[in-house]
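Student: One structure is given below, represented as structure tokens, and several questions about it will come after.
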Amino acid sequence: MREVLRVKKPGLFTTVQDLGRPNAIAAGVPPGGAMDRFAHRAANLLVANDETAATLECTLSGPELVALENCLVAVTGADFDPRVNGEPEPTWTGIFLSKGDELAFAGRRQGGRAYIAVAGGIAADKWLGSMSTNLMTKRGGMHGRQLLTGDVIATAGDAHTPAISGRHLAPNQRPDYSDHTLGAIAGPHLRRLGATGRRTLFNAEFKVSRDADRMGYRLEGPTLDASGEELLSFGLAAGALQVPRSGQPILLMADHQTAGGYPVVATVASAAMPVAAQLLPGDRLSFAEVSIESARKLRAAQRAALDSLIS
């Protein structure tokens, strides 16, 4: 391991995340991992890491980091206006830091979560096969907690290739975070809404409430009635749209519970989850019904964009 970055300021809420621990779901452990998996993968590929390597997930604001030695980094996802030694730097681009350089962020301009990758991948505590931070159990990542001032970030290994800055992902290959219409596939309990409720779900506007975190977002909007016979608990996935008795839907995110009994009327397509991951309380969104085939095509397009970064 090489110590490459020191945390001068940690930002509002910065944690270490990778692609999570899906193999532990059967044991009741939330999958966790990066909320915006596209941005996470892209950040890693821009610095020639495996896309499963750990990155820093920065929520609402970015940290201030000092380079302890020369390194290559990339910042993707939300635009927090990255700066190196006070000078603006582009997002979705490999950036070379010399020893002593400071990477900081001037302020949020769009989105809620940014990702910082370092060539060689971030070294962190591993729990159940993943370095993702699980705050509830205080395991994984930086000792199971968010970053603090004075923390030192080391790389998990050597960079796979020589450091080359300037590689970037073209704007037309990035998610359109400004479009808050989320493609969603009909869920197993959609019929409970009836024809009127279905039209409401896929035509109305909802707002992310204050009750929103990495587990899920409670949404405010038209009341949906998905009442009926009580359901036995069943397995859940990120993107599932549950309707509790209140009629105000809940969109499950990365740290979601592994099972539940609320009706699931729709599931947000995986290709739309990066946009969902960037939403913040007060943001408005809507759902557009898409077929499984359309969802697969959207996912394939995103995969092709990431593949364009693989050397």
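Student: Being surrounded by 21 or more Cβ atoms within 10 Å (Cβ to Cβ) and not polar (S, T, N, Q) is the requirement here; does ALA117 meet it? Step through it out loud before you land on a result.
Tutor: Numbers: surrounded by 21 or more Cβ atoms within 10 Å (Cβ to Cβ): yes; not polar (S, T, N, Q): yes.
Yes, satisfied.
Student: So ILE164 ticks every box in (1) touching a strand residue (DSSP E or B) at 6+ places or on another chain (Cβ under 6 Å); (2) open to solvent by 60 Å² or more (accessible area, probe 1.4 Å) but one. Which box is left unticked?
Tutor: Checking ILE164 against (1) touching a strand residue (DSSP E or B) at 6+ places or on another chain (Cβ under 6 Å); (2) open to solvent by 60 Å² or more (accessible area, probe 1.4 Å), the one that fails is (1).
Student: Also, quick follow-up: Inspect segment 278-300 for any residue being farther than 18 Å from THR181 by Cα, more than 18 Å from the chain's Cα centre (by Cα), touching a residue at least 12 places away in the same chain (Cβ under 8 Å) and assigned to a loop (DSSP other than H, G, I, E, B) and give the result as yes or no.
Tutor: There is no residue in segment 278-300 that is farther than 18 Å from THR181 by Cα, more than 18 Å from the chain's Cα centre (by Cα), touching a residue at least 12 places away in the same chain (Cβ under 8 Å) and assigned to a loop (DSSP other than H, G, I, E, B).
Student: Taking the stated definitions as given, is ALA154 small (Gly, Ala, Ser), closer than 24 Å to ASN44 by Cα and part of a strand (DSSP E or B)? Before you say what the answer is, go through the steps one by one.
Tutor: On the way: small (Gly, Ala, Ser): yes; closer than 24 Å to ASN44 by Cα: yes; part of a strand (DSSP E or B): yes.
So ALA154 fits the description; yes.
Student: Still on this structure: Collect the residues in segment 125-145 that are in a loop (DSSP other than H, G, I, E, B) and of a type in the set (Gly, Ala, Ser), keeping them in residue-number order. Walk me through how you get there before you give the answer.
Tutor: First, the residues of segment 125-145 that are in a loop (DSSP other than H, G, I, E, B): 126, 128-129, 131-133, 135-138, 140, 143-144.
Correct list: GLY129, SER132, GLY140, GLY144.
Student: Something else now. Do we find a residue being at pLDDT below 95 and in the same structural domain as GLY228 (by TED's automatic domain parsing) anywhere in segment 261-275?
Tutor: yes
Student: Step by step: first the residues of segment 138-158, then only those that are out of contact with any strand residue (DSSP E or B) (no Cβ under 7 Å at 6 or more places or on another chain) and at pLDDT below 95, then the one that is surrounded by the fewest Cβ atoms within 10 Å (Cβ to Cβ). Which residue is that?
Tutor: This residue is ASP158.
Student: So which residues in segment 1-25 are in a helix (DSSP H, G or I) and touching a residue at least 40 places away in the same chain (Cβ under 8 Å)?
Tutor: Scanning segment 1-25 gives ASN23, ALA24, ILE25.
Student: Moving on to the next point. Could you check segment 30-114 for strands (runs of 3 or more DSSP E) lying wholly inside it with 2 or more residues that are crowded, with 21+ Cβ neighbours inside 10 Å and modelled with pLDDT of 95 or more?
Tutor: Those strands (runs of 3 or more DSSP E) span 55-59, 71-79, 94-97, 102-105.
Student: Residues that are open to solvent by 10 Å² or more (accessible area, probe 1.4 Å): list the strands (runs of 3 or more DSSP E) wholly contained in segment 205-273 that include at least 2 such residues.
Tutor: 206-212, 216-220
Student: Next question, about the same structure. If you check every pair at least six apart or on different chains, which have Cβ atoms under 8 Å apart with a residue in segment 206-229 that is in contact (Cβ under 8 Å) with a residue 60 or more places away in the chain and of a type in the set (Phe, Trp, Tyr) first and a residue that is open to solvent by 60 Å² or more (accessible area, probe 1.4 Å) and assigned to a strand (DSSP E or B) second?
Tutor: Sorted first by the residue in segment 206-229, then by its partner, the pairs are PHE206/GLU220; PHE206/ARG284; TYR217/ASP211.
The values are calculated or read from the model by the stated rules, or taken from the named source; none is laboratory data. None of these values were measured; they are calculated from a predicted model. Quick reminder, even Gly has a Cβ in these numbers, built from the backbone with ideal geometry, and neighbours come from all protein chains shown. For accessibility, only protein heavy atoms count, side chains too; no ligands or nucleic acids. Shrake-Rupley method; radii C 1.70, N 1.55, O 1.52, S 1.80 Å.
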